[in-house]
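Worksheet: the structure to be examined is printed underneath.
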Amino acid sequence: MTPPAVPAGPDLSVSFAGINLKNPVIAASGTFGYGVEFEDVVHLAKLGGLVVKGLSAEPMAGNPPPRLYETPAGMLNAIGLQNIGARAFLEEKLPKLRKMKNIVVFANVFGYSREDYERTIEILNQGEDIAAYELNVSCPNTVAGGIHFGGDPRSLDELVNTAKRISRRPLIVKLSPNVTSIAQMARVAQDAGADAISLVNTFVAMAIDPETRKPRIANVTAGLSGPAIKPIALRMVYDAARAVNIPVIGMGGISTAADIVEFMLAGASAIQIGTASYWDPVATERIAGELENWCMLHRIDKVASLTGAMVME
């Protein structure tokens with residue numbers, strides 16, 4: 001006799017910019033090392049993808065300590081984009097990632113001038129099996145007197161145009177929340193050639209020790225992330241998704257499957273999980289599993305159907 005068919009689980013696959021993911025959960029840049037560091041902790045093949053920590057053309061040492069500080073429902077960080085450099089990534093980290101099966105790798109790119117970004121992308125173009133570049137535009141443009149690329153429409157337009165011209169891969173622009181209008185910056189990125197946008201990066205914040213009267217972070221100001229920023233990040237994803245026709249990847253304080261659903265209902269095609277990995281190293285894998293259970297409980301056959309499906313009535 002033919003055994004009874006086993007009911008299929010929900011379809012968690014999503015796609016954007018021509019990239020197919022098994023589920024919408026992506027490990028965020030700066031919180032997951034280069035991926036290989038989590039190999040013995042997380043089953044990387046169970047994630048939709050991972051973004052390696054920001055890469056520059058040359059190695060960078062980062063900021064002096066202290067550069068991390070826990071805040072209520074969040075975390076301040078001023079790591080300073082410490083990294084081994086794009087060439088070392090291709091030689092030391094990427095070969096190990098390429099040996100792993102069924103994983104999707106994104107490379108985060110940053111610089112302090114358009115030429116910096118251009119050199120980094122040209123180096124990474126020589127590597128294989130990188131799905132896309134995520135352009136971190138929250139860095140100050142030193143050539144333009146310290147104006148942040150992500151906060152100035154003209155600088156953002158010029159940078160994305162430059163990156164798009166030389167990139168051999170899809171381009172995701174990671175937007176800064178420290179702007180007057182996130183919708184405007186999303187449109188600028190789209191019009192300049194971005195294949196997708198991701199948001200939000202961290203909020204500029206600070207903390208002071210009242211006993212010593214000294215800043216908690218050596219850099220004085222730092223980036224705030226974690227659950228504390230989630231409502232603001234969700235609103236910004238909603239605003240950006242309504243402003244553009246390209247896919248949106250949402251992030252900011254996601255720590256549960258329900259958080260993922262909220263971001264997708266607001267318009268995100270996929271999401272990134274960052275700070276949650278600091279208090280729970282297996283958060284990405286755990287939450288991906290929880291998402292499947294959530295969809296089964298709520299009779300969601302295809303998770304991609306949630307994107308932009310918020311009910312207004």
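The values are calculated or read from the model by the stated rules, or taken from the named source; none is laboratory data. Remember, predicted model here, so these are calculated numbers, not experimental data. Here the Cβ is made from the backbone with ideal geometry for all residues, glycine too, and neighbour counts use every protein chain on show. Accessible surface areas use protein heavy atoms only, side chains included; no ligands, DNA or RNA. Shrake-Rupley method; radii C 1.70, N 1.55, O 1.52, S 1.80 Å.
Below is a table of values for the structure above.
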read-out: Subset of the range 208-228 (residues that are under 16 Å from residue 174 (Cα atoms) and of a type in the set (Val, Ile, Thr)); value: none
read-out: Any hit, the range 239-250, residues being more than 19 Å from the chain's Cα centre (by Cα) and modelled with pLDDT under 95; value: no
read-out: In the range 104-125, the residues that are touching a residue at least 40 places away in the same chain (Cβ under 8 Å) and open to solvent by 40 Å² or more (accessible area, probe 1.4 Å); value: 114, 118, 119, 122
read-out: Given (1) farther than 22 Å from residue 78 by Cβ; (2) touching a strand residue (DSSP E or B) at 6+ places or on another chain (Cβ under 9 Å), number of the condition residue 256 does not satisfy; value: (2)
read-out: Failed condition for residue 234, given (1) within 25 Å of residue 180 (Cβ to Cβ); (2) of a type in the set (A, V, I, L, M, F, W, C); (3) more than 15 Å from the chain's Cα centre (by Cα); value: (3)
read-out: Residue that is nearest to residue 202 (Cα to Cα), among those in the range 104-119 that are at pLDDT below 95 and assigned to a loop (DSSP other than H, G, I, E, B); value: 110
read-out: Condition met for residue 169 (touching a residue at least 24 places away in the same chain (Cβ under 8 Å) and of a type in the set (Lys, Arg)); value: yes
